Amino acid sequence: MAEVRDAIADAARAVALPDGVGKLVCTGYVPDAITTPAFFCGEYSVEFDKAMRRSLDEVELTCRVLVSRSDDRAAQRLLDAMLAGAGAASLKAAIEAARGAPGEYALGGLAHDLHVMRIQGYRWYEHQGTQYLGAELVIKVIGEGSA
């Protein structure tokens, strides 16, 4: 899972944020401190043996995106752009681009496929005592269980 989480964070880095916002800081793990805007992979669940002989496991990974609350309206507009289903700032589009071409494995060969299933929890998050506006992206990753 460590490689999968890192590969998803790498894919998220491809978003193009509006001028003046800076780059999206991405990590495969929950960071100690947040530099906004931030994307990170959080908790996950694994459903083993979806097919016989460990040939398929299914992972549901919850990722978070957090933005500064220095300007509530600007923060919400930025978050909305990253949560859109398409566009230069879309996390869904950036992450799903790592699926590869038809017939190729996703995440550079780490998984059979992935899909950004939903967005949830659009709200204020507290991280290390600081409040951020954010949301969660739930990503399904499927791959061989024996690997």
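Only one of ARG73, ARG69 is part of a loop (DSSP other than H, G, I, E, B), of a type in the set (Lys, Arg) and either crowded, with 17+ Cβ neighbours inside 10 Å or more than 12 Å from the chain's Cα centre (by Cα) (or both); which?
Matching residue, one of ARG73, ARG69: ARG69.
Among the residues of the stretch 101-111, is any within 18 Å of the chain's Cα centre (by Cα) and under 15 Å from LEU24 (Cα atoms)?
Within the stretch 101-111 (the criterion being within 18 Å of the chain's Cα centre (by Cα) and under 15 Å from LEU24 (Cα atoms)), the answer is no, since none of the residues qualifies.
Residues PHE48, PHE39: which one is surrounded by fewer than 13 Cβ atoms within 10 Å (Cβ to Cβ), touching a residue at least 40 places away in the same chain (Cβ under 8 Å) and not in a loop (DSSP other than H, G, I, E, B)?
So the residue among PHE48, PHE39 that is surrounded by fewer than 13 Cβ atoms within 10 Å (Cβ to Cβ), touching a residue at least 40 places away in the same chain (Cβ under 8 Å) and not in a loop (DSSP other than H, G, I, E, B) is PHE48.
Restricting attention to the stretch 1-31, and to residues there that are at pLDDT 95 or above and acidic (Asp, Glu), which single residue is nearest to LEU110 (Cα to Cα)?
Per the stated criteria, the residue is GLU3.
The values are calculated or read from the model by the stated rules, or taken from the named source; none is laboratory data. None of the values given here were measured: they were computed from a predicted structure. Backbone-built Cβ (ideal geometry, glycine too); neighbour counts: all protein chains shown.
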